[in-house]
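Right, one structure below, let's go through it.
Since every read-out is calculated from the coordinates, none of them should be taken as a lab result. Remember, it's a predicted structure, so these values are computed and weren't measured experimentally. Neighbour counts are summed over all protein chains in view; Cβ atoms, including those assigned to glycine, are modelled from backbone coordinates with ideal geometry.
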Amino acid sequence: MKPLPDPELTKLASDFTVRDYRTARGTMHQVRIAEGIRRRFTERYISPAANGPNRHGFTMMAISCLMIEAFVSLRKGWKNSNGKSEDAISSFFDDTDLFKDLRSHGKAFYKHVRCGILHQAEATGGWKISRKGPLFDPGTNSVNAVRFLRNLQSALDDFCDRLRSAPWDGPEWKNVRAKLDIICENCTKI
């Protein structure tokens with residue numbers, strides 16, 4: 001029988017394993033963890049959606065919505081986002097200046113874009129996905145998937161850059177460590 005792989009070697013991102021995170025956590029190596037977070041989200045969400053040969057606005061938005069929930073869970077230290085998806089989307093728009101055009105539309109975006117695409121394979125309620133124009137056109141309820149994804153990358157970069165110098169015992173790091181600890185625990189359960 002083949003031995004089980006070492007769960008500590010599970011990759012959280014390229015060149016960043018569960019063991020690497022735990023070592024960096026133990027030595028309070030903020031830069032290493034922040035860069036691991038940046039790579040995790042960029043490699044798993046942004047790059048495949050932005051750089052794929054057959055990229056499509058719906059795919060870009062579906063992946064963006066998944067990333068927002070994971071990203072908000074990290075920022076807030078949530079164990080999971082069960083029952084919190086709408087709050088994750090709305091709070092992300094409220095807390096992220098790059099998405100200020102969508103602030104008063106969080107609930108509708110959640111229902112008609114996030115849930116529409118993820119559950120029905122369509123934007124509903126007259127919402128549209130495009131790949132040109134402004135980030136959001138409230139007159140047509142049109143969301144530019146290219147700008148949305150680009151802004152999401154910028155929000156991730158801003159967050160990771162802040163983490164590099166944020167106080168280790170401050171609320172940002174407390175939440176990040178709580179979520180990463182859960183992720184690592186889930187990776188190492190057999």
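Once you've got the GNM for the chain with C-alpha springs shorter than 10 Å, pick whichever of Pro138, Pro53, Pro167 has the biggest mean-square fluctuation. Between Pro138, Pro53, Pro167, it is Pro53 that shows the largest mean-square fluctuation.
Neighbour counting of Cβ atoms within 10 Å sorts the residues Leu135, Leu9, fewest neighbours leading, into Leu9, Leu135.
From the coordinates of this entry, Rg and Dmax of the Cα atoms in Å is computed, and it appears in [x] 15.4, 46; [y] 16.1, 50; [z] 17.5, 62 under the label [z]. Working from Cα pairs under 8 Å separated by at least six residues, relative contact order for the chain is 26 percent.
So for Met28, Met60, Met67, fewest C-beta neighbours within 10 Å to most, what's the order?
Details: Met28 11, Met60 27, Met67 22.
Fewest-to-most ranking of Met28, Met60, Met67: Met28, Met67, Met60.
Taking the alpha-carbon distance from Lys189 and a cut-off under 30 Å, which lysines remain once sequence neighbours fewer than 8 residues away in the same chain are dropped? Cross-link targets: Lys2, Lys11, Lys76, Lys79, Lys84, Lys174, Lys179.
Sorting Phe109, Phe41 from the fewest to the most surrounding beta carbons within 10 angstrom yields Phe41, Phe109. Once backbone amide H atoms are built at 1.01 Å from N, Phe136 has Asn144 as its partners under 5 Å, excluding neighbours fewer than 5 places away on the same chain.
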